[in-house]
Amino acid sequence: MRSHYCGQLNETLVDDQVTLCGWVHRRRDHGGVIFLDMRDRDGIAQVVVDPDTEEAFATADRARNEYVLRITGRVRPRPEGTENPNMPTGMIEVLAKQVEVLNTAATPPFQLDEHGKVGEEVRLKHRYIDLRRPEMIDKLRLRSRISHNVRAYLENQGFLDIETPILTRATPEGARDYLVPSRTHAGSFFALPQSPQLFKQLLMVSGFDRYYQIAKCFRDEDLRADRQPEFTQIDLEASFVEEDDIMGITEEMIRGLFHEVLDVELPSFPRMAYSEAMSRFGSDKPDLRIPLELTDVDDLMSQVDFKVFSGPATAVDGRVAALKVPGGAELSRKAIDEYTKFVGIYGAKGLAWIKVNERAKGLEGLQSPIVKFMENVVDQLLERLDAQDGDIIFFGADKTRVVNEALGALRVKLGEDLDLYTQAWAPLWVVDFPMFEADDAGRLHALHHPFTAPSCSPEALKAEPAAALSRAYDMVLNGTELGGGSIRIHDQSMQRTVFDVLGIGEDEAEEKFGFLLDALKYGAPPHGGLAFGLDRLVMLMTGAKTIREVIAFPKTQSAACLMTDAPGEVNAEQLKELNIRLRQKAKPETAGE
């Protein structure tokens, strides 16, 4: 029906006849001449309809925004003085000969050029209209380019695109599974995969050597601002590899992706141990664009009488850390109060601070409600932090986890609020993760997943599980974890040892993972892999604020689809076939959730 997309028109087509199909982005009537801005997925082109072409003019006269039209006409240069250099098609226009209405349109719930004034819930309710916006089209087009680039690179590296099952069985991977009742196996359930982890390992046992997949994954997680119940992974696995092999392949892939798609040359990817990242930045995904660091001051604060500091400083699971902000003494008390509320989100009971006004004046040159409690160590403190006039120092004193999360988040927020970024892109690898982490009850859990290989022997792992490091690695970019992976366990005795440390008994291990344990008996090769979050990657590369902006049909924060009103109720007959009886009716979804 068309000869060209609107965005393809340029000066090389002057005097050619073209046929365009698309939507009316804007209609203007200028002294009897009608201008139609026609829009399709490739861009916008200006169409001029003269009264001389009576039938075409009459049709254009009744056209309105979002009508679907087919227009045939001649490309011509725009009259001198009316060119628009800001538009790719701004040097030409189409003089229409025929205008055909393919479909009319009701008045849309929002104008496509005024989307910023519309709430997200309205945009999600009418997503099919929201996706017409050039901004959204550009994001999804770039997402398509990213996927194509990734596929081309991995296939050139010898990886095979192999699909793994969507209906599988529940496995413990850190979040709740979405369960699917089986009609043919009454009382039994499938689970939607949180990742293809076990299947890709089985592919390695099968001898496929190099696998990849752009895979849909599902996690029934608690409400979080920027998580989706279904998301997309760039998943890969390879045999006969060590950490450097996987890290080298994927780093080269990301470098090439940024070069090809954004024309950006990423800087070096430094490697940083997990322990160093937590100590210096309070995070295992530090944003290295921000030149602020946490400094341990436990030894100094253990000498003060102020129990708010001395208690955590001497506790086994406590930490006192300082965060110096150069020039931060200009922050108002109101701003400091806002930051105090902010760290409270992460469990901090408060936010102590010292403003360094004139360091040469000693205590008189400091402004703080707490400095009187640390007179005996304040000189050493300022020396350690290399504090200068005009700086502010924030303190965290609590359990190590709370201090890391609170000051780590504060560091990122200060970097954003005060525009402290020193570069556009800051990638790194975080390595040497602990194998396990303990919950409040002291139970051990796998920090990544229970199939990650430890860097020690089974005997050493069993003797000191809390001290064991894993062979895991995370790629981080601008404070966002792009992907995580590890060398996997390929030895059955090691896998059983890990299950044992995690409190998974032999019977439970056989019930849940018997197929994996059996497979490991039959010549499983050393193997490892990594999975990238495609949504996060696209979000970073497009500059979007949330992953919802780079997913065609996302869910809300409460895992609902406002457009289709999902999840929804099913009728009694369907429930009966699935041997399900509801204990309570579903509560109605609130539109703003």
### Message
Residues that are under 29 Å from Ile249 (Cα atoms), touching a Ser or Thr at 6+ places or on another chain (Cβ under 6 Å) and modelled with pLDDT under 95, at least 3 per element: which strands (runs of 3 or more DSSP E) completely within the range 472-580 meet that?
### Response
none
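Considering only residues that are of a type outside the set (Gly, Ala, Ser) and modelled with pLDDT of 95 or more, look in the range 315-329 and name the one that is nearest to Gln388 (Cα to Cα). Steps first, answer last, please.
Pass one, the range 315-329, residues of a type outside the set (Gly, Ala, Ser): 316-317, 319-320, 323-326.
Remaining after also requiring modelled with pLDDT of 95 or more: 319-320, 323-326.
Values: Arg319: 24, Val320: 21, Leu323: 13, Lys324: 10, Val325: 10, Pro326: 8 Å.
So, considering only residues that are of a type outside the set (Gly, Ala, Ser) and modelled with pLDDT of 95 or more, the one nearest to Gln388 (Cα to Cα) is Pro326.
Identify, from the list Glu163, Glu155, the residue that is among the acidic types (Asp, Glu) and either out of contact with any strand residue (DSSP E or B) (no Cβ under 8 Å at 6 or more places or on another chain) or assigned to a helix (DSSP H, G or I) (or both).
Working: Glu163 fails: either out of contact with any strand residue (DSSP E or B) (no Cβ under 8 Å at 6 or more places or on another chain) or assigned to a helix (DSSP H, G or I) (or both).
Unique residue meeting the criteria: Glu155.
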### Task
Return a yes/no flag: does the range 451-462 have any residue that is touching a His at 6+ places or on another chain (Cβ under 8 Å), of a type in the set (Gly, Ala, Ser), part of a loop (DSSP other than H, G, I, E, B) and crowded, with 16+ Cβ neighbours inside 10 Å.
yes
### Message
Anything in the range 195-214 that is within 30 Å of Gln557 (Cα to Cα), touching a Lys or Arg at 6+ places or on another chain (Cβ under 9 Å) and of a type in the set (A, V, I, L, M)? List them, or say none.
### Response
Ile214
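Determine whether the range 540-556 contains at least one residue that is exposed (fewer than 13 other Cβ atoms within 10 Å of the Cβ) and among the hydroxyl-bearing types (Ser, Thr, Tyr). Can you show your working first?
Filtering the range 540-556 down to residues exposed (fewer than 13 other Cβ atoms within 10 Å of the Cβ) leaves 543, 545, 552.
Of the ones still in play, those that are also among the hydroxyl-bearing types (Ser, Thr, Tyr) are none.
For the range 540-556, residues exposed (fewer than 13 other Cβ atoms within 10 Å of the Cβ) and among the hydroxyl-bearing types (Ser, Thr, Tyr): absent.
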### Task
Kindly indicate the residue of the range 332-349 that is of a type in the set (Gly, Ala, Ser) and in contact with a helix residue (DSSP H, G or I) (Cβ under 6 Å, 6 or more places away or on another chain) and also farthest from Pro369 (Cα to Cα) among those meeting that condition.
Gly347
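In this structure, is Arg2 assigned to a loop (DSSP other than H, G, I, E, B), surrounded by fewer than 21 Cβ atoms within 10 Å (Cβ to Cβ) and in contact with a strand residue (DSSP E or B) (Cβ under 8 Å, 6 or more places away or on another chain)?
Values: assigned to a loop (DSSP other than H, G, I, E, B): yes; surrounded by fewer than 21 Cβ atoms within 10 Å (Cβ to Cβ): yes; in contact with a strand residue (DSSP E or B) (Cβ under 8 Å, 6 or more places away or on another chain): yes.
Yes, satisfied.
What strands (runs of 3 or more DSSP E) completely inside the range 362-450 contain at least 3 residues that are in the same structural domain as Asp305 (by TED's automatic domain parsing) and touching a helix residue (DSSP H, G or I) at 6+ places or on another chain (Cβ under 6 Å)?
Values: elements: 392-399, 427-431, 436-438, 444-446.
Of the strands (runs of 3 or more DSSP E) lying wholly inside the range 362-450, those with at least 3 residues that are in the same structural domain as Asp305 (by TED's automatic domain parsing) and touching a helix residue (DSSP H, G or I) at 6+ places or on another chain (Cβ under 6 Å) span 392-399.
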### Query
Exactly one of (1) free of Cβ contacts under 8 Å to residues at least 12 places away in the same chain; (2) under 27 Å from Ile234 (Cβ atoms) is unmet by Arg536. Its number?
(1)
### Message
Cβ contacts < 6 Å: first residue closer than 14 Å to Asp432 by Cα, restricted to the range 469-484; second residue acidic (Asp, Glu) and assigned to a loop (DSSP other than H, G, I, E, B), any location; separation 6+ or different chain. Result?
### Response
Leu469/Asp432
### Task
All but one of (1) closer than 18 Å to Gln111 by Cα; (2) in contact with a helix residue (DSSP H, G or I) (Cβ under 8 Å, 6 or more places away or on another chain); (3) crowded, with 17+ Cβ neighbours inside 10 Å hold for Val24, so report the exception by its number.
(2)
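Does the range 52-68 contain any residue that is under 15 Å from Leu9 (Cα atoms) and either surrounded by 20 or more Cβ atoms within 10 Å (Cβ to Cβ) or modelled with pLDDT of 95 or more (or both)?
Of the residues in the range 52-68, the ones under 15 Å from Leu9 (Cα atoms) are none.
There is no residue in the range 52-68 that is under 15 Å from Leu9 (Cα atoms) and either surrounded by 20 or more Cβ atoms within 10 Å (Cβ to Cβ) or modelled with pLDDT of 95 or more (or both).
Report those strands (runs of 3 or more DSSP E) wholly inside the range 5-116 carrying at least 1 residues which are among the basic types (Lys, Arg).
Values: elements: 17-30, 33-40, 43-49, 68-77, 92-103.
Qualifying strands (runs of 3 or more DSSP E): 17-30, 33-40, 68-77, 92-103.
Only one residue in Ala438, Ala466, Ala446 is in contact with a Ser or Thr (Cβ under 7 Å, 6 or more places away or on another chain), surrounded by fewer than 22 Cβ atoms within 10 Å (Cβ to Cβ) and aliphatic (A, V, I, L, M), so which one is that? Reasoning before the result, please.
On the way: Ala438 fails: in contact with a Ser or Thr (Cβ under 7 Å, 6 or more places away or on another chain); Ala466 fails: in contact with a Ser or Thr (Cβ under 7 Å, 6 or more places away or on another chain).
From the options Ala438, Ala466, Ala446, the qualifying one is Ala446.
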### Task
Kindly indicate the residue of the range 18-40 that is more than 19 Å from Asp113 (Cβ to Cβ) and out of contact with any Asp or Glu (no Cβ under 9 Å at 6 or more places or on another chain) and also modelled with the lowest pLDDT among those meeting that condition.
Gly31
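Tell me which helices (runs of 4 or more DSSP H) are completely within the range 246-328 and hold 1 or more residues being free of Cβ contacts under 8 Å to residues at least 12 places away in the same chain and either under 30 Å from Gln157 (Cβ atoms) or in the same structural domain as Asp389 (by TED's automatic domain parsing) (or both), or say none if there are none. Don't jump to the end; show me each part of the working.
Values: elements: 274-281, 298-301, 307-314.
By residue number, 307-314.
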### Query
Name the pairs whose Cβ atoms lie under 8 Å apart, with the first residue in the range 29-41 and loosely packed, with under 15 Cβ neighbours inside 10 Å, the second not hydrophobic (A, V, I, L, M, F, W, C), and 6 or more positions between them or separate chains?
Asp29/Asp61; Gly32/Pro51; Val33/Asp50; Val33/Pro51
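The values are calculated or read from the model by the stated rules, or taken from the named source; none is laboratory data. On a predicted model such as this, the values are computed, not experimentally measured, just so you know. Backbone-built Cβ (ideal geometry, glycine too); neighbour counts: all protein chains shown.
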